Amino acid sequence: MAVSIRIAWPQERYYAHPWGVNPTRLREAEWPPSPWRLLRALAATWFRVHAGQPASTDLSHLLESLATSLPSIGIGPASFASSVHYQPNLEKADHDLAVYARKRHENHFVASSSPVVFRWQALSFDSAQSTLLAELMLALGYFGRAESVCDAACGDEVSANLGWCEPCFDSGR
């Protein structure tokens, strides 16, 4: 049996930079999304839904199970893109004499109409873990940066149009 997590972006944009890299020095988004980002998103979702509570045993078991091996990652066609906008910054405290400077912001993202699927071939869950994962998928509002609104689901539905890649462990970090 396998465990699959499918993440799609209704706005077809995924904003995220690789972990540990200053986004102002990078000109592209993280692609494919890292399994580490998925585990962090699941944990953050649990703590948002269960605000003020310590991590449950079920959450710990779920995350430990997912972290025991790297998943295959299914991705579809994607393009790297960016948008630029300028933010007015008030340079003086006196609003009557305010001078606005323009601060440039670059948003690098991946544009894709295809979902990303994380799939663990040799992993199976008991009913408690499956239920918790399904609940977390329903509550997961974004994946990547906050503007990366997503729809997430677990199950075996996998599109035939995906190409599969295998992440590798980088011992240099």
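Figures for the structure shown
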| quantity | calculated |
| --- | --- |
| The lone exception for S127 - which of (1) under 12 Å from R13 (Cα atoms); (2) open to solvent by 30 Å² or more (accessible area, probe 1.4 Å); (3) at pLDDT below 95 it fails | (1) |
| Residue that is surrounded by the fewest Cβ atoms within 10 Å (Cβ to Cβ) [pool: residues in region 1-10 that are at pLDDT below 95 and not in a strand (DSSP E or B)] | M1 |
| Residue that is nearest to the chain's Cα centre (by Cα) [pool: residues in region 41-52 that are under 17 Å from A128 (Cβ atoms) and open to solvent by 30 Å² or more (accessible area, probe 1.4 Å)] | V49 |
| Conditions (1) of a type in the set (S, T, Y); (2) farther than 16 Å from L136 by Cα; (3) modelled with pLDDT of 90 or more: number failed by T24 | (3) |
| Total residues in region 60-88, condition under 15 Å from L42 (Cα atoms) and surrounded by fewer than 11 Cβ atoms within 10 Å (Cβ to Cβ) | 1 |
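The values are calculated or read from the model by the stated rules, or taken from the named source; none is laboratory data. All values reported here derive from a predicted model rather than from experimental measurement. Because the Cβ atoms are built from the backbone with ideal geometry, glycine has one as well, and the counts that use them run over all protein chains shown. With ligands, DNA and RNA removed, areas are computed over all heavy atoms of the protein, side chains included. Shrake-Rupley method; radii C 1.70, N 1.55, O 1.52, S 1.80 Å.
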